[in-house]
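A quick write-up on the structure given underneath.
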Amino acid sequence: MMEFKTGLQFAREMDFEDPLKQHRDRFHIPKNPDGNDCIYLCGNSLGLQPKSVRSYVEQELSDWEKFGVEGHFHAGNPWMPYHELLTAKTAKLVGAKPIEVVTMNTLTVNLHLLMVSFYRPTPARHKILIEANAFPSDQYAVKSQIRFHGFDPETALLEIAPLPGETTITTEQIKELLDFQGDDIALILLGGVNYYSGQVFDMEKIARAGHAKGCVVGFDLAHAVGNINLNLHQWQVDFAVWCNYKYMNGGPGCIAGAFVHEKHADDSSLPKFSGWWGHDKETRFLMGPEFKSTPGAEGWQLSNPPILPMAALRASVDIFDEIGMDALCAKSNRLTSYAEFLIHQIENQTIAIITPSDSQQRGCQLSIRITQNGKKVHQLLQKSGVVCDWREPDVLRIAPVPLYNNFTDVYHFVEILSKSLRV
Ligand SMILES: *Cc1c(COP(=O)(O)O)cnc(C)c1O
(Lines give C-alpha, C1' and ligand atoms only; values in the text may rest on other atoms or scores of the structure.)
Protein backbone atom coordinates (compact mmCIF):
# COMPACT_ATOMS: atom_id res chain seq x y z
CA MET A 1 0.00 0.00 0.00
CA MET A 2 1.47 3.30 -1.05
CA GLU A 3 1.40 6.32 1.22
CA PHE A 4 0.09 9.45 -0.41
CA LYS A 5 -0.70 12.90 0.90
CA THR A 6 -3.07 15.59 -0.23
CA GLY A 7 -1.78 19.01 -1.31
CA LEU A 8 0.17 20.34 -4.25
CA GLN A 9 3.48 20.22 -2.41
CA PHE A 10 3.30 16.43 -2.25
CA ALA A 11 2.61 16.16 -5.99
CA ARG A 12 5.64 18.31 -6.69
CA GLU A 13 7.81 16.15 -4.43
CA MET A 14 6.62 13.02 -6.21
CA ASP A 15 7.52 14.60 -9.54
CA PHE A 16 10.91 15.60 -8.24
CA GLU A 17 11.63 12.04 -7.14
CA ASP A 18 10.20 10.43 -10.27
CA PRO A 19 13.00 8.53 -12.05
CA LEU A 20 11.18 8.90 -15.40
CA LYS A 21 10.40 12.63 -15.07
CA GLN A 22 12.77 13.74 -17.86
CA HIS A 23 10.84 11.82 -20.51
CA ARG A 24 7.90 14.23 -20.48
CA ASP A 25 10.15 16.68 -22.35
CA ARG A 26 10.47 14.22 -25.21
CA PHE A 27 6.81 14.73 -26.08
CA HIS A 28 4.78 17.61 -27.52
CA ILE A 29 2.17 18.47 -24.88
CA PRO A 30 -0.80 20.28 -26.47
CA LYS A 31 -1.33 23.82 -25.16
CA ASN A 32 -4.37 25.58 -23.80
CA PRO A 33 -5.37 28.92 -25.35
CA ASP A 34 -3.48 30.63 -22.49
CA GLY A 35 -0.28 29.01 -23.69
CA ASN A 36 0.10 26.58 -20.78
CA ASP A 37 0.30 22.82 -21.18
CA CYS A 38 -3.11 21.20 -21.08
CA ILE A 39 -3.71 18.31 -18.69
CA TYR A 40 -3.63 15.54 -21.24
CA LEU A 41 -5.26 12.39 -19.86
CA CYS A 42 -6.32 10.91 -23.18
CA GLY A 43 -3.29 8.80 -24.15
CA ASN A 44 -5.66 5.83 -24.16
CA SER A 45 -7.30 7.34 -27.25
CA LEU A 46 -4.42 9.06 -28.99
CA GLY A 47 -0.92 9.09 -27.57
CA LEU A 48 1.11 12.28 -27.79
CA GLN A 49 3.73 12.94 -30.41
CA PRO A 50 7.33 12.18 -29.50
CA LYS A 51 9.47 15.13 -30.60
CA SER A 52 11.76 12.63 -32.32
CA VAL A 53 9.00 11.58 -34.76
CA ARG A 54 9.84 14.43 -37.11
CA SER A 55 13.41 13.34 -37.73
CA TYR A 56 12.42 9.69 -38.23
CA VAL A 57 9.81 10.68 -40.81
CA GLU A 58 12.05 13.29 -42.42
CA GLN A 59 14.72 10.72 -43.02
CA GLU A 60 12.29 8.68 -45.13
CA LEU A 61 11.01 11.75 -46.97
CA SER A 62 14.55 12.73 -47.75
CA ASP A 63 15.51 9.21 -48.88
CA TRP A 64 12.46 9.09 -51.13
CA GLU A 65 13.52 12.48 -52.53
CA LYS A 66 17.06 11.21 -53.15
CA PHE A 67 16.49 7.64 -54.24
CA GLY A 68 13.00 7.26 -55.65
CA VAL A 69 12.31 3.56 -56.13
CA GLU A 70 15.89 2.67 -55.27
CA GLY A 71 15.05 3.61 -51.67
CA HIS A 72 13.68 0.10 -51.32
CA PHE A 73 17.31 -1.03 -51.29
CA HIS A 74 19.44 2.06 -50.80
CA ALA A 75 17.62 4.22 -48.27
CA GLY A 76 19.47 4.67 -44.97
CA ASN A 77 16.98 2.10 -43.68
CA PRO A 78 16.03 0.19 -46.83
CA TRP A 79 12.25 0.07 -47.19
CA MET A 80 12.09 -3.51 -48.40
CA PRO A 81 12.76 -4.97 -44.93
CA TYR A 82 11.74 -1.77 -43.07
CA HIS A 83 9.04 -3.43 -40.93
CA GLU A 84 11.71 -5.76 -39.58
CA LEU A 85 13.26 -2.78 -37.78
CA LEU A 86 10.24 -2.96 -35.48
CA THR A 87 10.17 -6.71 -34.95
CA ALA A 88 12.59 -7.32 -32.07
CA LYS A 89 11.39 -4.35 -30.02
CA THR A 90 7.73 -5.12 -30.62
CA ALA A 91 8.33 -8.74 -29.63
CA LYS A 92 9.90 -7.57 -26.38
CA LEU A 93 7.00 -5.21 -25.72
CA VAL A 94 4.36 -7.94 -25.93
CA GLY A 95 6.44 -10.81 -24.53
CA ALA A 96 6.78 -12.70 -27.80
CA LYS A 97 9.41 -14.25 -30.02
CA PRO A 98 10.31 -12.22 -33.10
CA ILE A 99 8.69 -14.81 -35.38
CA GLU A 100 5.40 -14.25 -33.55
CA VAL A 101 4.89 -10.54 -34.29
CA VAL A 102 4.37 -8.32 -37.29
CA THR A 103 3.56 -4.66 -37.87
CA MET A 104 0.90 -4.36 -40.58
CA ASN A 105 -2.47 -2.88 -41.58
CA THR A 106 -4.77 -1.48 -38.91
CA LEU A 107 -6.39 -3.12 -35.93
CA THR A 108 -9.80 -4.14 -37.25
CA VAL A 109 -8.25 -5.35 -40.50
CA ASN A 110 -5.85 -7.54 -38.53
CA LEU A 111 -8.69 -8.83 -36.41
CA HIS A 112 -10.52 -9.95 -39.55
CA LEU A 113 -7.42 -11.51 -41.08
CA LEU A 114 -6.70 -13.52 -37.96
CA MET A 115 -10.30 -14.56 -37.53
CA VAL A 116 -10.16 -15.93 -41.08
CA SER A 117 -7.47 -18.25 -39.78
CA PHE A 118 -8.56 -18.81 -36.19
CA TYR A 119 -12.35 -18.76 -36.28
CA ARG A 120 -13.21 -22.00 -38.00
CA PRO A 121 -16.70 -22.82 -36.88
CA THR A 122 -18.38 -26.18 -37.25
CA PRO A 123 -22.10 -26.85 -36.70
CA ALA A 124 -21.29 -28.31 -33.27
CA ARG A 125 -18.80 -25.64 -32.23
CA HIS A 126 -19.37 -22.24 -33.73
CA LYS A 127 -19.80 -19.74 -30.90
CA ILE A 128 -17.61 -16.73 -30.16
CA LEU A 129 -17.27 -15.41 -26.62
CA ILE A 130 -16.71 -11.64 -26.20
CA GLU A 131 -17.27 -9.01 -23.50
CA ALA A 132 -20.82 -7.67 -23.40
CA ASN A 133 -19.55 -4.11 -23.67
CA ALA A 134 -16.79 -4.86 -26.16
CA PHE A 135 -15.53 -2.02 -28.34
CA PRO A 136 -18.05 -1.57 -31.19
CA SER A 137 -15.57 -2.33 -33.99
CA ASP A 138 -14.83 -5.70 -32.39
CA GLN A 139 -18.55 -6.45 -32.11
CA TYR A 140 -19.15 -5.56 -35.76
CA ALA A 141 -16.13 -7.58 -36.90
CA VAL A 142 -17.16 -10.64 -34.91
CA LYS A 143 -20.81 -10.51 -35.96
CA SER A 144 -19.87 -10.14 -39.61
CA GLN A 145 -17.53 -13.13 -39.37
CA ILE A 146 -20.30 -15.20 -37.83
CA ARG A 147 -22.68 -14.26 -40.66
CA PHE A 148 -19.96 -14.85 -43.24
CA HIS A 149 -19.82 -18.46 -42.06
CA GLY A 150 -23.60 -18.79 -42.33
CA PHE A 151 -24.39 -18.64 -38.63
CA ASP A 152 -26.62 -16.24 -36.70
CA PRO A 153 -25.08 -13.80 -34.19
CA GLU A 154 -28.29 -14.13 -32.15
CA THR A 155 -27.29 -17.64 -31.19
CA ALA A 156 -23.58 -17.75 -32.06
CA LEU A 157 -22.42 -14.69 -30.14
CA LEU A 158 -21.98 -15.16 -26.41
CA GLU A 159 -21.50 -11.95 -24.46
CA ILE A 160 -20.25 -12.07 -20.92
CA ALA A 161 -21.18 -9.18 -18.63
CA PRO A 162 -20.25 -8.28 -15.06
CA LEU A 163 -22.56 -9.93 -12.51
CA PRO A 164 -25.39 -7.72 -11.24
CA GLY A 165 -23.98 -4.99 -9.02
CA GLU A 166 -20.41 -5.61 -10.24
CA THR A 167 -18.38 -3.59 -12.70
CA THR A 168 -15.85 -6.18 -13.84
CA ILE A 169 -15.89 -9.70 -15.24
CA THR A 170 -14.06 -12.20 -13.03
CA THR A 171 -11.89 -15.05 -14.24
CA GLU A 172 -14.08 -17.37 -12.15
CA GLN A 173 -17.12 -16.24 -14.09
CA ILE A 174 -15.38 -16.96 -17.39
CA LYS A 175 -14.32 -20.40 -16.15
CA GLU A 176 -17.84 -21.23 -15.06
CA LEU A 177 -19.19 -20.21 -18.42
CA LEU A 178 -16.57 -22.40 -20.10
CA ASP A 179 -17.46 -25.36 -17.87
CA PHE A 180 -21.02 -24.95 -18.92
CA GLN A 181 -20.73 -24.03 -22.62
CA GLY A 182 -17.05 -24.37 -23.54
CA ASP A 183 -17.69 -27.22 -25.97
CA ASP A 184 -19.83 -24.92 -28.15
CA ILE A 185 -17.26 -22.12 -28.26
CA ALA A 186 -14.93 -21.94 -31.25
CA LEU A 187 -13.23 -18.68 -30.28
CA ILE A 188 -12.73 -16.63 -27.12
CA LEU A 189 -11.95 -13.03 -28.05
CA LEU A 190 -11.55 -10.59 -25.18
CA GLY A 191 -9.84 -7.25 -24.73
CA GLY A 192 -6.58 -7.55 -22.77
CA VAL A 193 -7.76 -4.40 -21.03
CA ASN A 194 -11.46 -3.57 -21.28
CA TYR A 195 -11.70 -0.17 -22.95
CA TYR A 196 -14.66 0.93 -20.84
CA SER A 197 -13.83 -0.21 -17.31
CA GLY A 198 -10.05 -0.36 -17.63
CA GLN A 199 -10.10 -3.90 -16.20
CA VAL A 200 -7.12 -6.10 -17.10
CA PHE A 201 -8.08 -9.70 -17.86
CA ASP A 202 -5.99 -12.59 -16.57
CA MET A 203 -4.96 -13.63 -20.05
CA GLU A 204 -2.86 -16.56 -18.93
CA LYS A 205 -5.64 -18.20 -16.92
CA ILE A 206 -8.23 -17.49 -19.59
CA ALA A 207 -6.00 -19.00 -22.30
CA ARG A 208 -5.45 -22.10 -20.17
CA ALA A 209 -9.13 -22.52 -19.34
CA GLY A 210 -10.11 -21.94 -22.98
CA HIS A 211 -7.61 -24.41 -24.32
CA ALA A 212 -8.73 -27.03 -21.80
CA LYS A 213 -12.13 -26.78 -23.47
CA GLY A 214 -10.72 -26.90 -27.00
CA CYS A 215 -11.36 -23.20 -27.78
CA VAL A 216 -9.04 -20.90 -29.69
CA VAL A 217 -8.06 -17.89 -27.55
CA GLY A 218 -7.32 -14.44 -28.99
CA PHE A 219 -7.01 -10.98 -27.43
CA ASP A 220 -7.55 -7.45 -28.63
CA LEU A 221 -4.70 -5.53 -27.01
CA ALA A 222 -5.66 -2.02 -28.18
CA HIS A 223 -5.66 -0.78 -24.57
CA ALA A 224 -3.02 -3.16 -23.29
CA VAL A 225 0.05 -2.71 -25.46
CA GLY A 226 2.36 -0.06 -24.04
CA ASN A 227 0.18 0.04 -20.91
CA ILE A 228 0.70 -3.27 -19.08
CA ASN A 229 3.27 -6.05 -19.05
CA LEU A 230 2.43 -8.73 -21.58
CA ASN A 231 3.79 -12.23 -21.94
CA LEU A 232 1.88 -13.55 -24.91
CA HIS A 233 4.23 -16.37 -25.80
CA GLN A 234 4.39 -17.84 -22.34
CA TRP A 235 0.66 -17.38 -21.82
CA GLN A 236 0.07 -19.56 -24.90
CA VAL A 237 -2.30 -17.04 -26.44
CA ASP A 238 -3.15 -18.18 -29.98
CA PHE A 239 -3.28 -14.75 -31.55
CA ALA A 240 -3.58 -11.07 -30.65
CA VAL A 241 -4.04 -7.75 -32.44
CA TRP A 242 -3.53 -4.14 -31.39
CA CYS A 243 -3.34 -0.60 -32.69
CA ASN A 244 -0.32 1.63 -32.24
CA TYR A 245 -1.89 5.07 -31.88
CA LYS A 246 -3.12 4.78 -28.27
CA TYR A 247 -0.44 4.12 -25.62
CA MET A 248 2.08 3.42 -28.40
CA ASN A 249 2.08 7.05 -29.65
CA GLY A 250 2.49 6.05 -33.31
CA GLY A 251 0.21 8.84 -34.55
CA PRO A 252 -3.40 8.97 -35.76
CA GLY A 253 -4.40 5.87 -37.74
CA CYS A 254 -0.91 4.40 -37.34
CA ILE A 255 -0.04 0.98 -38.70
CA ALA A 256 -1.06 -1.77 -36.26
CA GLY A 257 0.36 -4.99 -34.82
CA ALA A 258 -0.42 -8.67 -34.70
CA PHE A 259 0.79 -11.72 -32.79
CA VAL A 260 0.46 -15.33 -33.85
CA HIS A 261 1.85 -17.91 -31.44
CA GLU A 262 4.87 -19.85 -32.63
CA LYS A 263 2.89 -23.10 -32.40
CA HIS A 264 0.97 -21.90 -35.49
CA ALA A 265 4.01 -20.51 -37.32
CA ASP A 266 4.29 -23.28 -39.89
CA ASP A 267 0.74 -24.55 -39.94
CA SER A 268 -0.11 -24.61 -43.63
CA SER A 269 -3.54 -26.06 -42.88
CA LEU A 270 -4.74 -22.69 -41.53
CA PRO A 271 -6.96 -20.87 -44.01
CA LYS A 272 -5.38 -17.53 -44.76
CA PHE A 273 -6.21 -14.53 -46.93
CA SER A 274 -2.95 -13.91 -48.70
CA GLY A 275 -1.03 -11.17 -50.47
CA TRP A 276 2.45 -10.86 -51.91
CA TRP A 277 4.05 -9.43 -48.78
CA GLY A 278 3.24 -12.59 -46.84
CA HIS A 279 5.01 -14.70 -49.45
CA ASP A 280 8.31 -16.41 -48.72
CA LYS A 281 10.90 -13.62 -48.84
CA GLU A 282 13.47 -15.57 -50.86
CA THR A 283 11.15 -16.08 -53.79
CA ARG A 284 8.72 -13.13 -53.49
CA PHE A 285 10.21 -11.35 -56.49
CA LEU A 286 10.13 -14.37 -58.73
CA MET A 287 6.49 -13.29 -58.88
CA GLY A 288 5.26 -16.85 -59.24
CA PRO A 289 1.53 -17.67 -59.28
CA GLU A 290 1.47 -19.90 -56.18
CA PHE A 291 1.52 -18.42 -52.67
CA LYS A 292 4.15 -19.86 -50.36
CA SER A 293 3.78 -18.37 -46.89
CA THR A 294 6.72 -16.94 -45.03
CA PRO A 295 6.75 -18.63 -41.61
CA GLY A 296 5.23 -16.94 -38.57
CA ALA A 297 3.19 -13.78 -38.17
CA GLU A 298 4.75 -12.14 -41.23
CA GLY A 299 2.94 -14.69 -43.35
CA TRP A 300 -0.31 -12.78 -42.71
CA GLN A 301 0.95 -9.60 -44.41
CA LEU A 302 -0.86 -8.59 -47.57
CA SER A 303 0.67 -5.43 -48.97
CA ASN A 304 3.98 -3.67 -48.91
CA PRO A 305 3.56 -1.55 -45.80
CA PRO A 306 3.45 2.27 -45.47
CA ILE A 307 6.92 3.50 -44.55
CA LEU A 308 5.98 6.91 -43.12
CA PRO A 309 3.67 5.63 -40.33
CA MET A 310 6.23 2.95 -39.55
CA ALA A 311 8.91 5.63 -39.24
CA ALA A 312 6.71 7.56 -36.79
CA LEU A 313 6.04 4.39 -34.84
CA ARG A 314 9.75 3.58 -34.63
CA ALA A 315 10.39 6.88 -32.86
CA SER A 316 8.05 5.84 -30.05
CA VAL A 317 8.97 2.16 -29.97
CA ASP A 318 12.60 3.21 -29.49
CA ILE A 319 11.58 5.22 -26.42
CA PHE A 320 9.65 2.26 -24.98
CA ASP A 321 12.57 0.00 -25.65
CA GLU A 322 14.99 2.34 -23.95
CA ILE A 323 12.90 2.73 -20.78
CA GLY A 324 11.35 -0.73 -20.61
CA MET A 325 7.87 -1.77 -19.51
CA ASP A 326 8.96 -2.63 -15.96
CA ALA A 327 9.96 0.95 -15.19
CA LEU A 328 6.89 2.32 -16.96
CA CYS A 329 4.55 -0.02 -15.08
CA ALA A 330 6.13 0.90 -11.75
CA LYS A 331 5.47 4.59 -12.37
CA SER A 332 2.06 3.85 -13.86
CA ASN A 333 1.08 2.08 -10.68
CA ARG A 334 2.22 5.00 -8.48
CA LEU A 335 0.60 7.62 -10.67
CA THR A 336 -2.73 5.80 -11.04
CA SER A 337 -2.87 4.89 -7.34
CA TYR A 338 -2.24 8.54 -6.54
CA ALA A 339 -5.11 9.59 -8.81
CA GLU A 340 -7.32 7.03 -7.10
CA PHE A 341 -6.26 8.29 -3.66
CA LEU A 342 -7.09 11.91 -4.51
CA ILE A 343 -10.42 11.01 -6.14
CA HIS A 344 -11.37 9.14 -2.97
CA GLN A 345 -10.85 12.36 -1.03
CA ILE A 346 -13.64 14.05 -3.00
CA GLU A 347 -16.77 14.03 -0.92
CA ASN A 348 -19.45 13.42 -3.46
CA GLN A 349 -21.97 10.60 -3.65
CA THR A 350 -22.37 10.81 -7.41
CA ILE A 351 -18.95 9.52 -8.37
CA ALA A 352 -17.35 6.09 -8.10
CA ILE A 353 -14.31 4.51 -9.71
CA ILE A 354 -15.36 1.35 -11.56
CA THR A 355 -11.82 0.25 -12.47
CA PRO A 356 -10.46 -2.44 -10.12
CA SER A 357 -8.33 -1.04 -7.30
CA ASP A 358 -6.01 -4.07 -7.44
CA SER A 359 -2.95 -2.94 -9.43
CA GLN A 360 -2.74 -6.40 -11.05
CA GLN A 361 -6.13 -5.79 -12.57
CA ARG A 362 -5.58 -2.40 -14.10
CA GLY A 363 -3.14 -0.36 -16.15
CA CYS A 364 -3.04 3.41 -16.08
CA GLN A 365 -6.69 4.02 -16.94
CA LEU A 366 -9.31 4.93 -14.36
CA SER A 367 -12.97 4.93 -15.31
CA ILE A 368 -15.04 7.17 -13.10
CA ARG A 369 -18.78 6.65 -13.05
CA ILE A 370 -20.64 9.93 -12.57
CA THR A 371 -24.32 9.36 -11.98
CA GLN A 372 -25.49 12.99 -12.12
CA ASN A 373 -24.72 15.57 -14.82
CA GLY A 374 -21.69 13.60 -15.91
CA LYS A 375 -21.66 15.03 -19.40
CA LYS A 376 -21.75 18.53 -18.01
CA VAL A 377 -18.85 17.71 -15.69
CA HIS A 378 -16.91 16.50 -18.71
CA GLN A 379 -17.62 19.76 -20.53
CA LEU A 380 -16.44 21.78 -17.55
CA LEU A 381 -13.25 19.73 -17.39
CA GLN A 382 -12.60 20.42 -21.06
CA LYS A 383 -13.18 24.13 -20.57
CA SER A 384 -10.64 24.09 -17.78
CA GLY A 385 -7.95 22.58 -19.97
CA VAL A 386 -8.32 18.88 -19.14
CA VAL A 387 -8.35 16.49 -22.09
CA CYS A 388 -10.11 13.24 -21.16
CA ASP A 389 -13.10 11.44 -22.57
CA TRP A 390 -16.70 10.65 -21.86
CA ARG A 391 -18.27 7.31 -22.65
CA GLU A 392 -22.01 6.87 -22.60
CA PRO A 393 -23.92 6.31 -20.49
CA ASP A 394 -22.04 7.59 -17.44
CA VAL A 395 -18.28 7.11 -17.52
CA LEU A 396 -15.40 9.56 -17.57
CA ARG A 397 -12.15 7.90 -18.58
CA ILE A 398 -8.77 9.27 -17.59
CA ALA A 399 -5.37 7.80 -18.39
CA PRO A 400 -2.37 9.25 -16.57
CA VAL A 401 0.32 7.92 -18.91
CA PRO A 402 3.66 7.28 -17.18
CA LEU A 403 5.72 8.40 -20.19
CA TYR A 404 4.53 11.99 -20.23
CA ASN A 405 2.06 12.65 -17.42
CA ASN A 406 3.17 13.67 -13.96
CA PHE A 407 1.83 13.87 -10.43
CA THR A 408 1.12 17.58 -10.78
CA ASP A 409 -1.12 16.83 -13.78
CA VAL A 410 -3.06 14.39 -11.64
CA TYR A 411 -3.28 16.82 -8.73
CA HIS A 412 -4.69 19.61 -10.91
CA PHE A 413 -7.06 17.24 -12.66
CA VAL A 414 -8.63 16.10 -9.38
CA GLU A 415 -8.86 19.67 -8.16
CA ILE A 416 -10.73 20.68 -11.33
CA LEU A 417 -12.92 17.56 -11.18
CA SER A 418 -13.87 18.32 -7.60
CA LYS A 419 -14.78 21.90 -8.52
CA SER A 420 -16.75 20.79 -11.59
CA LEU A 421 -18.79 18.35 -9.51
CA ARG A 422 -19.90 21.18 -7.27
CA VAL A 423 -21.19 23.41 -10.10
C1 LIG B 1 -9.32 1.60 -30.37
C2 LIG B 1 -9.95 0.28 -30.56
C3 LIG B 1 -10.34 -0.15 -31.83
C4 LIG B 1 -10.19 0.72 -33.06
O5 LIG B 1 -10.02 -0.04 -34.21
P6 LIG B 1 -9.29 0.55 -35.49
O7 LIG B 1 -9.35 -0.56 -36.46
O8 LIG B 1 -7.89 0.93 -35.09
O9 LIG B 1 -10.03 1.77 -35.94
C10 LIG B 1 -10.89 -1.43 -31.94
N11 LIG B 1 -11.06 -2.22 -30.86
C12 LIG B 1 -10.70 -1.82 -29.63
C13 LIG B 1 -10.89 -2.73 -28.45
C14 LIG B 1 -10.14 -0.56 -29.44
O15 LIG B 1 -9.81 -0.16 -28.21
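The values are calculated or read from the model by the stated rules, or taken from the named source; none is laboratory data. Just so it is clear, the structure is predicted and the values come from calculations on it, not from any experiment. Counting neighbours? That spans all protein chains shown, and the Cβs are built from the backbone with ideal geometry, glycine included. Heavy atoms of the whole protein, side chains included, go into the accessibility calculation; ligands, DNA and RNA do not. Shrake-Rupley method; radii C 1.70, N 1.55, O 1.52, S 1.80 Å.
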Next on the checklist: Can you sort Ser55, Ser367 by solvent-accessible area, 1.4 Å probe, largest first?
Outcome noted: Ser55, Ser367
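Accessible area per residue for region 58-321 in Å², computed with a 1.4 Å probe and the full protein assembly in place, what is it?
Dividing the accessible area of region 58-321 by its residue count gives 41 Å².
If I stretch the segment between Ala161 and Tyr140 completely, what's the gain in nm (0.36 nm per residue apart, minus their alpha carbon distance), one decimal? Present the calculation step by step, with values, prior to reporting the outcome.
Numbers: separation 21, 0.36 × 21 = 7.56 nm, distance 1.76 nm.
Result for the pair: 5.8 nm of gain on full extension.
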Next on the checklist: For Asp202, project a label point 7 Å along Cα to C-beta. Then give me every residue of region 164-188 with its amide nitrogen under 13 Å of that point.
Outcome noted: 169-176
Checklist entry - If you average over every viewing direction, what projected area does the convex hull of the Cα atoms of region 345-403 give, in nm²? => result 4.8
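Which order do Arg369, Arg362 take by accessible area at a 1.4 Å probe, largest first? Write out the running numbers ahead of the final one.
Numbers: Arg369 75, Arg362 15 Å².
Reading off the accessible areas and sorting them downward yields Arg369, Arg362.
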Next on the checklist: Using a Cα-Cα cut-off of under 18 Å, which aspartates and glutamates could be cross-linked to Lys92, ignoring same-chain neighbours fewer than 8 residues away?
Outcome noted: Glu84, Glu100, Glu204, Asp220, Asp238, Glu262, Glu298, Asp318, Asp321, Glu322, Asp326
Next on the checklist: For a quick check of understanding: with a 1.4 angstrom probe and all protein chains in place, what accessible area in square angstrom does Leu286 have, to the nearest ten?
Outcome noted: 130
Checklist entry - Once every DSSP H run of n ≥ 4 in the chain is given -39500 (n - 2.57) and the sum is divided by its residues, what mean residue ellipticity at 222 nm do you get, rounded to the nearest 500 deg cm²/dmol? => result -11000 deg cm²/dmol
Item to check | Protein accessible area in the chain, 1.4 Å probe - carbon and sulfur % | outcome: 53
Checklist entry - For the pair Ser52 and Arg147, how long in nm is the line joining their label points, each one 7 Å along Cα→Cβ? => result 4.5
Checklist entry - Can you give the net charge of the other residues whose Cβ lies under 11 Å from the Cβ of Gln145, counting K and R as +1 and D and E as -1? => result +2
Next on the checklist: 7 Å from Cα along Cα→Cβ at both Arg422 and Glu17: what's the point-to-point distance in nm?
Outcome noted: 2.9
Checklist entry - Mind checking which lysines have their C-alpha under 18 Å from Lys97, skipping anything on the same chain fewer than 8 residues away? => result Lys89, Lys263
Next on the checklist: So if each residue of separation counts as 0.36 nm, and I subtract the Cα-Cα distance between Glu176 and Asn373, what length gain in nm does that give?
Outcome noted: 67.2 nm
Next on the checklist: Using a 1.4 Å probe on the protein heavy atoms only, what accessible surface does Ser62 show? Give it in Å² to the nearest 10.
Outcome noted: 40
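For Arg391, Arg147, write out the residues from largest to smallest accessible area, computed with a 1.4 angstrom probe and no ligands counted.
Working: Arg391 75, Arg147 145 Å².
Output order, biggest surface exposure first: Arg147, Arg391.
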Next on the checklist: Give the lysines whose C-alpha is closer than 27 Å to that of Lys375, dropping any in the same chain fewer than 8 places away, or say none.
Outcome noted: Lys31, Lys246, Lys383, Lys419
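Using just the Cα positions, wrap the chain in a convex hull and report its mean projected area in square nanometres, one decimal place. Don't jump to the answer; show the numbers that get you there.
Values: hull surface 88.1 nm².
Orientation-averaged projected area of the Cα hull: 22.0 nm².
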Next on the checklist: How large is the accessible surface of Met104 in square angstrom, using a 1.4 angstrom probe and rounding to the nearest 10?
Outcome noted: 10
Checklist entry - Using a simple spin-label model with points 7 Å from Cα along the Cα→Cβ vector, what separation in nm is obtained for Met287 and His344? => result 6.6
Checklist entry - Percent antiparallel among DSSP beta bridges with both residues in the chain, to the nearest 5? => result 55
Item to check | Surrounding net charge for Val387, when Lys and Arg each add one and Asp and Glu each subtract one, Cβ distance under 12 Å | outcome: 0
